[in-house]
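Report on one structure; see the data block that follows.
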């Protein structure tokens, strides 16, 4: 007789849970997407004006790349990359500027410290600090400080939502009033199951830290407009995290746009941010109050 497999979380044994939190299990070749991030980002930096490596905090990693808008008082999209808090950088995150800047927005791509060199508490604090810095410097950057929109993919979506919590801005400002909206792509919002997988090896979260750093458990009564999206080709756990967040923020956010983009996966969904012909892009352009007519084809 075979031995029954021990469940670790829900109905999943260890191997199944690890697979649920491995988005690459849904694609044939992860490197295709990572290479596209880097290649498209380098092309954008070579063709659009950019202020590279602006310092937003004291640590060497606390830098951002800023792409100015072509018009004054423009909205700003702040992109927080994914990579399970341990991979990627601003160098892989410029690609949305290719469509957003010609359409009339400014764009910022953040760097933050990566695990295991940085604990997740530190990473959260850095993204919060970057958001506050951009809000404080909006006038000098030529953007409208009332039209700052945060966008994050995967771990970046977690970091964006942590920034929108009641204590999310380091100077005590209410994030629901200070930010104009957010886009959350394929995020993880409850870290307890993540803690029980291979992903936790560089993070070192215990049960208390996982709950403290799970924005799903600490949502404020008020949130700015949210676009919550995932690809159709995602694991059951990423779909569940998406659904639970949508249910939890409905009634708290000024508006919730719930999108499941059937032909997209975890890794190519961020490409839609700058394409107003896509579901995600159309929702973001509407959130920013931008028409798509200025978009270069």
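Among the residues of the stretch 239-248, those that are touching a helix residue (DSSP H, G or I) at 6+ places or on another chain (Cβ under 9 Å) and buried (at least 23 other Cβ atoms within 10 Å of the Cβ) comprise 241, 245.
Every residue, every condition in (1) surrounded by fewer than 22 Cβ atoms within 10 Å (Cβ to Cβ); (2) within 18 Å of residue 156 (Cβ to Cβ); (3) in contact with a helix residue (DSSP H, G or I) (Cβ under 8 Å, 6 or more places away or on another chain), yes or no:
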position: 57; (1), (2), (3): yes, yes, yes
position: 65; (1), (2), (3): no, yes, yes
position: 73; (1), (2), (3): yes, no, no
position: 80; (1), (2), (3): no, yes, yes
position: 85; (1), (2), (3): no, yes, yes
position: 91; (1), (2), (3): yes, yes, yes
position: 100; (1), (2), (3): no, yes, yes
position: 108; (1), (2), (3): no, yes, yes
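Hey, any hits in the stretch 32-42 for a residue that's within 25 Å of residue 116 (Cα to Cα) and touching a strand residue (DSSP E or B) at 6+ places or on another chain (Cβ under 9 Å)? Outline the logic, then answer.
The first filter runs over the stretch 32-42 and keeps only residues within 25 Å of residue 116 (Cα to Cα), leaving 33-35, 37-38.
Filter once more, so that each one left must be touching a strand residue (DSSP E or B) at 6+ places or on another chain (Cβ under 9 Å): 33.
Within the stretch 32-42, one or more residues are within 25 Å of residue 116 (Cα to Cα) and touching a strand residue (DSSP E or B) at 6+ places or on another chain (Cβ under 9 Å).
Just checking, how many residues over the stretch 251-291 are touching a helix residue (DSSP H, G or I) at 6+ places or on another chain (Cβ under 8 Å), part of a strand (DSSP E or B) and free of Cβ contacts under 8 Å to residues at least 40 places away in the same chain? Of the residues in that region, 7 qualify.
Which residues, counting only those in the stretch 198-220, are outside any helix (DSSP H, G or I) and more than 24 Å from residue 249 (Cβ to Cβ)? Once the filter is applied, which keeps residues that are outside any helix (DSSP H, G or I) and more than 24 Å from residue 249 (Cβ to Cβ), the stretch 198-220 yields 201, 202, 203, 204, 206. If I ask for residues that are in contact with a strand residue (DSSP E or B) (Cβ under 7 Å, 6 or more places away or on another chain), farther than 13 Å from residue 194 by Cβ and assigned to a helix (DSSP H, G or I), which ones from the stretch 9-27 would you list? Result: 14, 26. Residues in the stretch 127-139 that are farther than 23 Å from residue 204 by Cβ and in contact (Cβ under 8 Å) with a residue 40 or more places away in the chain were compared, and the one that is surrounded by the most Cβ atoms within 10 Å (Cβ to Cβ) is 131. Residues that are under 18 Å from residue 112 (Cβ atoms) and surrounded by fewer than 20 Cβ atoms within 10 Å (Cβ to Cβ) were ranked within the stretch 170-210; the one that is modelled with the lowest pLDDT is 170. Is it the case that the stretch 224-238 has a residue that's on the phi < 0 side of the Ramachandran plot, surrounded by 21 or more Cβ atoms within 10 Å (Cβ to Cβ) and assigned to a loop (DSSP other than H, G, I, E, B)? Checking the stretch 224-238: at least one residue is on the phi < 0 side of the Ramachandran plot, surrounded by 21 or more Cβ atoms within 10 Å (Cβ to Cβ) and assigned to a loop (DSSP other than H, G, I, E, B).
Counting only strands (runs of 3 or more DSSP E) that fall entirely inside the stretch 28-126 and contain at least 3 residues that are under 20 Å from residue 278 (Cβ atoms) and touching a residue at least 60 places away in the same chain (Cβ under 8 Å), the qualifying elements are 74-80. Checking each residue in the stretch 159-194 for being touching a helix residue (DSSP H, G or I) at 6+ places or on another chain (Cβ under 7 Å), assigned to a helix (DSSP H, G or I) and in contact (Cβ under 8 Å) with a residue 40 or more places away in the chain picks out 159, 161, 162, 175, 178, 192, 193, 194. Of the listed requirements (1) surrounded by fewer than 18 Cβ atoms within 10 Å (Cβ to Cβ); (2) touching a strand residue (DSSP E or B) at 6+ places or on another chain (Cβ under 6 Å), residue 286 misses just one: (2).
The values are calculated or read from the model by the stated rules, or taken from the named source; none is laboratory data. Everything quoted here is computed from the prediction, not taken from an experiment. Neighbour counts are summed over all protein chains in view; Cβ atoms, including those assigned to glycine, are modelled from backbone coordinates with ideal geometry.
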